[in-house]
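The values are calculated or read from the model by the stated rules, or taken from the named source; none is laboratory data. What you see is a predicted model; the values in this text were computed from it and never measured. FYI the Cβ positions are ideal-geometry reconstructions off the backbone, even for glycines, and counts take in every protein chain you see. For the accessible areas, the whole protein counts, side chains as well, though only heavy atoms, and no ligand, DNA or RNA atoms are used. Shrake-Rupley method; radii C 1.70, N 1.55, O 1.52, S 1.80 Å.
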Amino acid sequence: MDDLLSEFLTETNENLAVLDVELVKLEQNPNDIDLLSNIFRLVHTVKGTCGFLGLPRLESVAHAGENVLGKVRDGELEVTPQAVTLILACLDRIRSIMGDLEASGTEPAGDDSELIKSLNAFADGGKAAAPAAAPAPTPAAAPAAPAPEVKSGASIYEQIGGMGTVDAVVEVMFNRVMGDLRLKSVFEGDSIDHVQGYMREHLAKMCGGPDTSAPHPIAGRAMSDEQFDALCGHLQAALNTLEVPQQIAAMIMGMVYAGREEATGSAPAIVEAAPPPVEAKPVKAAAPKKEAGDGEAKESAIANQSIRVNVELLENLMTMVSELVLTRNQVLQILRKHKDSEFAAPLQRLNHVTSELQEGVMKTRMQPIGNAWAKLPRIIRDLSHELKKKIDLVMIGQETELDRQVLEMIKDPLTHMVRNSADHAIETPEERRRAGKPETGKITLNAYHEGGHIIIEVVDDGKGLALDKIKAKILQNNLATEAELENMSDQQIQQYIFKAGFSTAAKVTSVSGRGVGMDVVRTNIEKIGGTIELRSVEGKGTTFSIKIPLTLAIVSALVVECANERFAIPQISVVELVRASPTGELKVERINDTPVLRLRNKLLPLVSLREKLKLEAESDRSSDDTFIVVTQVGTYQFGIMVDRVFDTEEIVVKPVAPILRHIEVFSGNTILGDGSVIMILDPNGIAATSGQISMGDAEQAEKQALRSRAHGDEAVPLLLFRAGQGAPKAVPLALVARLEEIERNTIEHSNDRLVVQYRGQLMPLVPLEGYPDVTGKEGRQPVLVFSDRDHSMGLMVDEIVDIVEAKLNVDLAAETPGRIGSAIIAGQATDIIDTGFFLSQAFADWFGSRHDDTVGRKSRRVLMVDDSAFFRNLLAPQLSAAGFSVTTVDSGDKALEMAEAGEQFDLIISDIEMPGMDGFAFCEAIKKSGHWQNTPIIALSSHASPQELAKGRSVGFDDYVAKYDREGLVHILNEALSEVRGAA
Amino acid sequence: MSGMKNGAGSEFSAATSAASGEQRDYVTMSIGDQMFGIPVLTVQDVLGPQNIARVPLAPPEVAGSLNLRGRIVTAIDVRPRLGLPTREGGKSAMSVVVEHDGELYSLLVDSVGEVLSLNSRDYQRNPPTLNPRLREFSDGIYRLNGSLLVVLSVGSLLDFGTRPEVA
């Protein structure tokens, strides 16, 4: 394909994209003259270029479109949706022809007469009076068509095919005229539109067509004989090109020559008086259109300011600049060693110039996100027509810039999402009216920068995600069981739309079911290191929030050292840095060789980089201090143990060689400022290979899904241990205050119980049943310490196995006291320990108080509503232990029944996610009426998104506490109760 | 070819013009006592001892990565690749940089010699008795004056694809 053609394709494609947007705008603001002239100009440019390149099919289609637009511009036609649809159809045809053109290099064969006919009919229809002007194919469009016969009586205008032909002739001629230096002086200073319009109208009039012309300044310009001849030559050539029948051409030329006298300036005075045909290409133009002139000026201004550059060239530039930056860094490093070097000043300058160069080149890669949105108004418009909906598309932050590469990657996902919103989310006007919403639905796109990231929101005010439909689909596809669904929050269920093959569209419309699902959207976004979040309220609307990095090429990374080797950890996954030393407050402890760190009352699982990467042995270390990089993957936090931590550096990520790609723990490599090559660690990979996250499914996408679902699925860290016979045991890590190993010979008998002196107090030790007597024996005894205020108790175990993150589904309720039940954890049947039972064993008096004291002292009655037996069993004993009298029910309905029955409580704790009536509904019901109206109610949930918190408050929850925050719960309970008392 | 330190080519071109048969240029290198060669046009660079950053968990043949004018080059130690014992401690290796599938690799050998222009008359296929490991990476043998030169196949040397070897 020759350069000219490919240039044309690029340019025209751009123009078409702009046209789509502008036309939709025009439809909304039919009176915007600027807009209209711009559109006209663009279509005109397309047409003109086609003619120049000899693409008759394209030209004829564009021409017909321009015709309609011209009429609109001249006020003969109104901007109606019908007109816009027609023009858009015309643009689509151009686009499809261009597609073929691009593929084959030649214009494809095809028949556009139908389209042109309707365009022409529309154009003429505007001039009510001319039904006779049958939409003849323009000669340009159908050169093969039989030339119209010269009929006596008909004007030349009609014979040649009306305005269409005149236009085409002028177009061809005009292109020639513009290239003719001899004629330059004649038209100097006039806008192209003016000159062309003038020529067209004059020619039309001369041939007997409608006289739309008005006096025009061009008309008054004199020209020499030579110029006139040249002009006539061009006209003759144009007539020939368009195969206007000889006879007619001759007549036209005759008429033109007849005007020679006037044209060549015999009478300037007359010209000034503006008698119609004066000039060479005689006379008349539409009343000067100021806007058109302005548009032209703008175009040339822009044209002069920008050039087209091949993307590959930019990419190369980028690579070169990256290397220049690295070299610069190296040089600067050398300079630092030689303080007084004479190179200092020039190098400083080099430094600045390089920085600026880097910035500049980065900028060339940045594009406004509006480029990715350009197609959307058109899509929405078409959809709303097709689906008979009213939709407003609001775009905010179009100018927000991001890397070209990233832009390309999100273009399709965004388009898909917007299309989805229009198709599935926004209701018909009828439905919206019934739902009490404005008839016109709104889709808002909002883009903005936020700390090195760009956030793009796609918001609609449609019907939201239909939970029951999603549920049905989940069941149908066997993605989850009914029981599992029961336990899921709305938000969790909504997440399923990101699953492969998941479409909730009940029917396949022409817009949905295109084989692209939200799973592809999600995959594409995650591919570039982005995340997508979803919030949807049924009946209110849906918000998708996409967070993506500004650029892929350069990331900020923390450089660390381990065993004298350096590694980079992407800053985005680093939460904090902790320094641990054997003597300090924070120290690394080991559970059977698994290192952990107590960090703010939680056990943080640690990964030793040294062991993970099989670096040299620990014993070779010089310092005892360990730095821990606390890292977050999804919702899972763990620490990476390293020897040293250096600075944060901006690094250029380069992919690793194919032979190293199988190493999961690296995501790439890079060259540091000093020229050394280091590997970039991939926290996802480290977590996955540490076996702490992966749950048996190797597929990355699945892992991602699991990880994000774990967010809501109550996957909790569990401490696995062995004690006595039978299955391994587990207890939620959050309940464990400490892990201790005590000397067995310090264990004493007191009052028939085992105790040990611990932190200046006697701590009861409770063995699991069948646990052998170890008192007096040698060695160390591992103990799980459960603690509540000033009471502590130790549960004696054989061995602490691991800390795993797992979903707690108690499959079998236990009959043995001290067990809540059995669950499958890490692929093994595991007993879940009922800490409450052991607490009661250790402190019989605590639980005694529940039975005895509550009668005596003013009872603090707490009602706990939670559908999960596990949590009821877990929390109730603890609350009892803390001195509350706890009643539990498993649903909001049952709780309301109790309210009806007149039961009294001082406080209610309610789970949020419950099947049937959820916590919000329950709370609302209580706060609405009844004698529980003033009872404080506390929300209990395993996930606390800000939205949920806000919603909780709005329905009347007094406070909120996380499910595993036992101390927090007790604290809040006490606080809430004291407030109640104070108030009473 | 930039960075080629070896100017021996011209010297040989004069000597070989008289010979019949096809002439081919090879960069010679040695590992232990054995001489190897690879076609000169596949070689991008010859480097002296370099700072090579080890890559943890990499297969044993991968010595690490190095920085060649801003590009990251994966260093492949040819000794373990050929099943030979590792280089004695303290001896530094030289690198021959080649491109394979758009990636740069540096082949670590004991030393790099001159460029030889060899005549196809002196070429023969691998003797059937050749060590199977070596045969896998050898494209044939040149008989030189007093020694033999094994032509290394860069393609198979760098084709790790089918071996799912995880260290």
Item to check | Identity of the residue in the range B:56-93, β-branched (V, I, T) and at the interface with another protein chain (Cβ under 7 Å from one of its Cβ atoms), that ends up farthest from B:V151 (Cα to Cα) | outcome: B:I72
Checklist entry - Residues in the range A:37-50 that are touching a residue at least 60 places away in the same chain (Cβ under 8 Å) and in contact with a Leu (Cβ under 6 Å, 6 or more places away or on another chain): how many? => result 1
Checklist entry - Before we move on, is A:T354 open to solvent by 40 Å² or more (accessible area, probe 1.4 Å), β-branched (V, I, T), within 14 Å of another protein chain (Cβ to nearest Cβ) and free of Cβ contacts under 8 Å to residues at least 40 places away in the same chain? => result no
Checklist entry - Inside the range B:94-160, counting only strands (runs of 3 or more DSSP E) that do not spill past its ends, which hold 3 or more residues that are more than 10 Å from the chain's Cα centre (by Cα) and within 14 Å of another protein chain (Cβ to nearest Cβ)? => result B:103-109
Item to check | Residue under evaluation A:T888, criteria (1) open to solvent by less than 30 Å² (accessible area, probe 1.4 Å); (2) assigned to a strand (DSSP E or B), criterion not met | outcome: (1)
Checklist entry - Can you name every residue in the range A:606-625 that is more than 14 Å from chain B (Cβ to nearest Cβ) and at pLDDT below 85? => result A:E618, A:S619, A:D620, A:R621, A:S622, A:S623, A:D624, A:D625
Item to check | Residue that is farthest from the other protein chains (Cβ to nearest Cβ), among those in the range A:647-665 that are under 29 Å from the mean Cα position of the chain (by Cα), open to solvent by less than 20 Å² (accessible area, probe 1.4 Å) and closer than 25 Å to A:Q330 by Cβ | outcome: A:I651
Next on the checklist: Could you tell me how many of the residues in the range A:424-442 are in a helix (DSSP H, G or I) and surrounded by fewer than 20 Cβ atoms within 10 Å (Cβ to Cβ)?
Outcome noted: 5
Item to check | the range A:666-676, subset open to solvent by 10 Å² or more (accessible area, probe 1.4 Å) and at pLDDT 80 or above, residue nearest to the other protein chains (Cβ to nearest Cβ) | outcome: A:S676
Item to check | Residue count, the range A:357-391 (criterion: touching a strand residue (DSSP E or B) at 6+ places or on another chain (Cβ under 9 Å) and open to solvent by 70 Å² or more (accessible area, probe 1.4 Å)) | outcome: 2
Item to check | strands (runs of 3 or more DSSP E) completely within the range A:739-827 that count 2 or more residues being at pLDDT below 75 | outcome: A:780-788, A:799-807, A:819-825
Next on the checklist: For the range A:646-656, check the following and say yes or no: at least one residue is touching a Ser or Thr at 6+ places or on another chain (Cβ under 7 Å), touching a residue at least 24 places away in the same chain (Cβ under 8 Å) and part of a loop (DSSP other than H, G, I, E, B).
Outcome noted: yes
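Every residue, every condition in (1) modelled with pLDDT of 80 or more; (2) of a type outside the set (G, A, S); (3) in contact with a strand residue (DSSP E or B) (Cβ under 8 Å, 6 or more places away or on another chain), yes or no:
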{"position": "A:L4", "(1), (2), (3)": "no, yes, no"}
{"position": "A:E14", "(1), (2), (3)": "yes, yes, no"}
{"position": "A:A64", "(1), (2), (3)": "yes, no, no"}
{"position": "A:N67", "(1), (2), (3)": "yes, yes, no"}
{"position": "A:A83", "(1), (2), (3)": "yes, no, no"}
{"position": "A:L86", "(1), (2), (3)": "yes, yes, no"}
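Would you confirm, using the coordinates I've provided, whether A:A563 is buried (at least 21 other Cβ atoms within 10 Å of the Cβ) and within 20 Å of A:L681 (Cα to Cα)?
For A:A563, the condition - buried (at least 21 other Cβ atoms within 10 Å of the Cβ) and within 20 Å of A:L681 (Cα to Cα) - is not met.
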Checklist entry - For A:A103, which of the numbered conditions (1) under 23 Å from A:I379 (Cβ atoms); (2) assigned to a helix (DSSP H, G or I) fails to hold? => result (1)
Checklist entry - Any residue in the range A:898-920 that is closer than 20 Å to A:S489 by Cβ, open to solvent by 60 Å² or more (accessible area, probe 1.4 Å) and part of a helix (DSSP H, G or I)? => result no
